[in-house]
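The values are calculated or read from the model by the stated rules, or taken from the named source; none is laboratory data. These numbers were taken from a predicted model, which means no experiment stands behind them. Please note: Cβ atoms are built from the backbone with ideal geometry, for glycine as well, and neighbour counts cover all protein chains shown. Accessible surface is based on the protein model in full, side chains and every heavy atom, while ligands, DNA and RNA are left aside. Shrake-Rupley method; radii C 1.70, N 1.55, O 1.52, S 1.80 Å.
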2 protein chains.
Amino acid sequence: MVMMTRLEQQLSFCTELDKLKGILRQSLLMDASRRENSAEHSWHLAAMAMLLSEYAAAPVDLTRVLKMLLVHDVVEIDAGDTFAYDTVNVETQHAREVKAADRLFGLLPPEQGAKLRALWDEFEERQTPESKYANALDRLQPLLQNFYSGGQSWIKHGVTREQVAERMKAVQIGMPEVWPAVQGIIAAAVEKGMVKG
Amino acid sequence: MVMMTRLEQQLSFCTELDKLKGILRQSLLMDASRRENSAEHSWHLAAMAMLLSEYAAAPVDLTRVLKMLLVHDVVEIDAGDTFAYDTVNVETQHAREVKAADRLFGLLPPEQGAKLRALWDEFEERQTPESKYANALDRLQPLLQNFYSGGQSWIKHGVTREQVAERMKAVQIGMPEVWPAVQGIIAAAVEKGMVKG
């Protein structure tokens, strides 16, 4: 067994991260040219987090929000992206992702891997102000993607108004001031036939 | 003229950001399946920044580094990506990017746009510890991309060892402890015929 230095372990994890660019989501780019991948989605969320923190329901430590968003989808490298409205795969999602987290964060020096794992757990548990804000962004961004790309992903999967509204509750919790804008987008999506009324 | 609310201006900028996913770089994904885009590149840099900050030449404010990396390529939405070894377009790059920065950051509420613009200027000027560290990462990540994808981008453009070493000086400045690892990768790239010796 080859012993890796601390830096080698870290660079090996950094190299592994490249695979997130190949994980495709159901959302399209806004020009509808192709599906979005989880790496560019994560960038978009982090950039939005720095721009919209004034709307977080409670004051947040932005650094922790950014770190959380940068790693929140890394488990998809092994577990794949699970479509929000796919009831079958959503059931097994957590177990698949926990296994992925064990392997991926295990590539890092132990104390650094444990910190990332704790951030991922925090994101998943949606209890802290940072996690609630991060989860709100993780719902708001796909809403914008789906709406501005013409709703193809919603139409393809026959998504209803109730399903979108239920999914967007995280925005109501984490960014209450943004909720009326979200309601407006949902109403427009129904009116345009993108979402079943 | 329609007056936009503060939130509308911010969401309009967030929507504009989507275009960075369509800006292609010369680097390939590590599986060589396609070219990398500037949005996923920005995510990769930010994730690396949170993992490797112990190697920064001087202590850094990680939040500012992350913000800087999240916005450092946004100007490419208008100005396009300029290949590092393209001597003709590198000459006009700064002027094109300044014009892009004026338009793009101008979409935001003025004080927020000015803050982002200042972060982008700071990144470009490479004077602060945060900027030196961010620029080091902006060189290290493409080195990993090019090396692990088989050096196709280097080979295609006939890049020499001297050109790569010159470009990697930012790593020597911003992350001196990582410099020996970079030298090792350059030597391996020459040995494998990816870079002209």
field: All lysines inside 17 Å of A:Lys115 as judged from Cα atoms, apart from same-chain residues fewer than 8 positions distant
entry: A:Lys67, A:Lys99
J(HN,Hα) series, region B:132-144, from Karplus relation 6.51 cos²θ - 1.76 cosθ + 1.60, nearest Hz, glycine and proline x: 5, 5, 4, 5, 4, 5, 5, 9, 5, 4, x, 4, 5
Chain A: relative contact order as a whole-number percent, Cα under 8 Å and 6+ apart: 24 percent
query: Which three lengths, in whole Å and largest first, does the protein assembly as shown cover when its Cα atoms are put on their principal axes?
result: 64, 55, 37
message: So, for region A:131-178, what is the accessible surface per residue at a probe of 1.4 Å, expressed in square angstrom?
response: 38 Å²
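What is the interface area between chains A and B, defined as buried accessible area summed over both chains with a 1.4 Å probe, reported in Å² to the nearest 100?
On the way: alone 10420 and 10420 Å², together 16840 Å².
So the buried area, both faces added, is about 4000 Å².
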query: Dipole magnitude of region A:80-164 about its Cα centre, charges +1 at Lys/Arg Cβ and -1 at Asp/Glu Cβ only, in debye to the nearest 20?
result: 200 debye
task: Calculate the mean, over all residues of peptide B:10-18, of how many other protein chain Cβ atoms lie within 10 angstrom of the residue's Cβ.
output: 6
field: GNM top mover of B:Ala56, B:Ala84, B:Ala134 - chain B, alpha-carbon springs below 10 Å
entry: B:Ala84
message: Given a 1.4 angstrom probe, what's the average accessible area per residue across region A:54-98, in square angstrom?
response: 44 Å²
- request: Using a Gaussian network model of chain B whose springs link C-alpha atoms within less than 10 Å, name the residue from B:Ser149, B:Ser33, B:Ser53 with the highest mean-square fluctuation.
  value: B:Ser33
field: Interface residues, region A:25-42 - accessible area loss of 40 Å² or more versus chain alone, probe 1.4 Å
entry: A:Met30, A:Glu40
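Could you estimate the translational diffusion coefficient of region A:1-141 from the Stokes-Einstein equation, with Rh from the Kirkwood formula over C-alpha pairs, at 37 °C and 0.692 mPa s, in whole µm²/s?
The Stokes-Einstein estimate is 206 µm²/s.
Using a 1.4 Å probe on the protein chains only, how many percent of the accessible area of region B:1-105 belongs to carbon and sulfur? Show your work: numbers first, answer last.
Working: 2380 of 4280 Å².
Whole-percent figure for carbon plus sulfur exposure: 56.
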